[in-house]
Amino acid sequence: MTWRMRAVVLIQATLLLRSCAATEDVAVVARHAEAKVLAERIKKEHFDPQRQAAESLGKLGPGVLPLVLPLLKDESKQVRRAAALCIETMGPAGKDAVQDLIPLLKRPRRGGS
């Protein structure tokens, strides 16, 4: 993750922390903020930053699947590919996404996106 990405994550995490009740787990809030930023990066960036964001997001574990699963239905083939890479990075922890990956295998490879 680049220093710019880390700065954005830190700013968003700080804003979330300020808005959360004192009883919430700080690590959970920070992880959620980081996951949201990474999911947005997948949709906006080109291949290398997308790949890096997808791998970083996948390392956060299956708790980020609600952010990743909608990306599997994106119009962009690159975004769908990055979302699949994110799930792959989770390893066995991403098993709940298998049913969402199956339609990607049925898509035409050429001539379609």
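Only one of the numbered conditions (1) in a helix (DSSP H, G or I); (2) at pLDDT 85 or above is violated by V29, and that is (2). The set of residues in the range 45-75 that are in a loop (DSSP other than H, G, I, E, B) and loosely packed, with under 14 Cβ neighbours inside 10 Å comprises H46, E75. Listed by first and then second residue, the pairs linking a residue in the range 82-104 that is at pLDDT 90 or above to a residue that is in a helix (DSSP H, G or I) and surrounded by fewer than 16 Cβ atoms within 10 Å (Cβ to Cβ), with Cβ atoms under 7 Å apart and 6 or more places separating them unless they lie on different chains, are A84/L104; T89/K59.
Could you please find all residues in the range 42-63 being within 8 Å of the chain's Cα centre (by Cα) and modelled with pLDDT under 80? Selection gives I42 alone.
Check the range 64-75 and report whether any residue there is in contact with a Lys or Arg (Cβ under 9 Å, 6 or more places away or on another chain), within 21 Å of V37 (Cα to Cα) and of a type outside the set (A, V, I, L, M). Checked the range 64-75: at least one residue is in contact with a Lys or Arg (Cβ under 9 Å, 6 or more places away or on another chain), within 21 Å of V37 (Cα to Cα) and of a type outside the set (A, V, I, L, M). Residues in the range 90-101: is at least one among the polar types (S, T, N, Q) and surrounded by fewer than 16 Cβ atoms within 10 Å (Cβ to Cβ)? Yes, that holds for at least one residue.
The values are calculated or read from the model by the stated rules, or taken from the named source; none is laboratory data. Quick caveat, the model's predicted, so the values are computed rather than measured. No Cβ is skipped: glycine too gets one built from the backbone with ideal geometry, and neighbour counts run over all protein chains shown.
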